[in-house]
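The values are calculated or read from the model by the stated rules, or taken from the named source; none is laboratory data. Quick caveat, the model's predicted, so the values are computed rather than measured. Positions of Cβ are backbone-derived with ideal geometry, glycine not excepted, and every protein chain shown enters the neighbour counts.
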Amino acid sequence: MGDSEIEICRNIGDQKKQRQDLHVLAVDDSRLDRKLLERLLTVSSYQVTFVDSGDKALEYLGLIDNIDEENQYQTSSSSPKSSLHDKLQVSKINLIMTDYSMPGISGFDLLKKVKDSFWRDIPVVIMSSENLPSRINMCLEGGAEDFLLKPVKLSDLRKLHSHLLNSHCQKQDKDSIKYKENTTLLETRPLPVLSMN
Amino acid sequence: MENAGQLRRQYVDFVASLYHEGFLDDQFGQLQKLQDEGNPYFVVEVVSLYFEDSEKLMNNLTTALQQHVVDFKQIDAHVHQFKGSSSSIGAQRVKNTCVVFRDYCEEKNLDGCLKCLQQVKHEYYIVKNKLETMIRLERQILEAGGTIP
């Protein structure tokens, strides 16, 4: 990686700006945990959209068609089978953070569905209060970017952000990195599955 | 009427005792770190949510354990939630009681579960009382013109 690219990657001002471009879809059925996560993400300068179930997350991502209901997340002009371009414009999600245990579909189910869909390149982070190696391995092997033990702390988000930033920089080719105003940091570029430190 | 200085000392000693006696763990400190002038009520809001959720969960647990045929899976689900929220707020003793409670659920041990329900209610009401006292002290400090340590 060239020096200028390293400089751009490490520049704190850019990092902050990049974080402000990052839109997180956060999925948790617990009101308390949503409130906590909202504060953590806001303090870390992320933009957040919250849903309280895996099904609502799929709906938001356009992976469940709601022909009968008025779907507030789709533009009025789009049909349920909206184009990929429309989906990108409407949601512009850069990161999904989901609780593991939820009523209805689990965080792991959500992970699998996302990885099987148009959104497969978006990193999915799973959060759980249970420190079970089998669960952690299953999620990482299922394509999760990371697995965070609850309660999530600010330091976890800082580590996660540098993970995401570093893997993005590593994936860059020889062209210099240009961050445009409206460009989201993590475009549709496959990110490697990182093992937990 | 105590002055701000005395109240601050009282507050510091009181909070220290909560950590020392294991009622709260480091996670509560994490919550306090997330509060600032822009979000001065963050801790109070989180604590209020915890109280609301906990009352509901304890009611659900009481009802579930009174059923003719006890559904241990359902009870475990409620305890798991209670453990989670207690952990998120740093209510260590409540959380630890929930861990034991879940073990009894797995064993389908009704007697054990009933004992744990009593224990978890006991621990919850103690920590609720302590947190309310802490919040009251904070308010008194501010009213006396001081800042919260």
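Can you pull out the helices (runs of 4 or more DSSP H) entirely within the stretch A:78-197 that have at least 3 residues that are surrounded by 12 or more Cβ atoms within 10 Å (Cβ to Cβ), touching a Ser or Thr at 6+ places or on another chain (Cβ under 9 Å) and modelled with pLDDT of 95 or more? The qualifying helices (runs of 4 or more DSSP H) are A:107-115, A:133-141.
Of the residues making up the stretch A:33-65, those that are more than 22 Å from A:PHE108 (Cβ to Cβ) and without any contact (Cβ under 8 Å) to a residue 24 or more places away in the chain are A:LYS35, A:GLU38, A:ARG39, A:THR42, A:ASP65. Candidates in the stretch B:110-131 are the residues that are under 16 Å from B:SER85 (Cβ atoms) and of a type outside the set (D, E, K, R); of these, the one that is surrounded by the most Cβ atoms within 10 Å (Cβ to Cβ) is B:VAL120. For the stretch B:58-82, a tally of residues being buried (at least 21 other Cβ atoms within 10 Å of the Cβ) and either aliphatic (A, V, I, L, M) or farther than 21 Å from A:ASP99 by Cβ (or both) returns 3. Considering only residues in the stretch B:75-108 that are in contact (Cβ under 8 Å) with a residue 60 or more places away in the chain and of a type in the set (A, V, I, L, M, F, W, C), the one that is farthest from B:TYR50 (Cα to Cα) turns out to be B:ALA91. Considering the conditions (1) under 20 Å from A:GLU59 (Cα atoms); (2) touching a strand residue (DSSP E or B) at 6+ places or on another chain (Cβ under 6 Å); (3) within 14 Å of chain B (Cβ to nearest Cβ), A:SER101 is excluded by exactly one of them, (2). Restricted to helices (runs of 4 or more DSSP H) entirely inside the stretch B:1-83, those with at least 2 residues that are at negative phi, within 13 Å of another protein chain (Cβ to nearest Cβ) and under 13 Å from the mean Cα position of the chain (by Cα) are B:26-33, B:42-66. Residues in the stretch B:89-100 that are assigned to a helix (DSSP H, G or I) and in contact with a Phe, Trp or Tyr (Cβ under 8 Å, 6 or more places away or on another chain) were compared, and the one that is surrounded by the fewest Cβ atoms within 10 Å (Cβ to Cβ) is B:ARG93.
Remark: B:VAL44 matches the filter, which requires a residue to be of a type in the set (A, V, I, L, M) and closer than 28 Å to A:LEU37 by Cβ.
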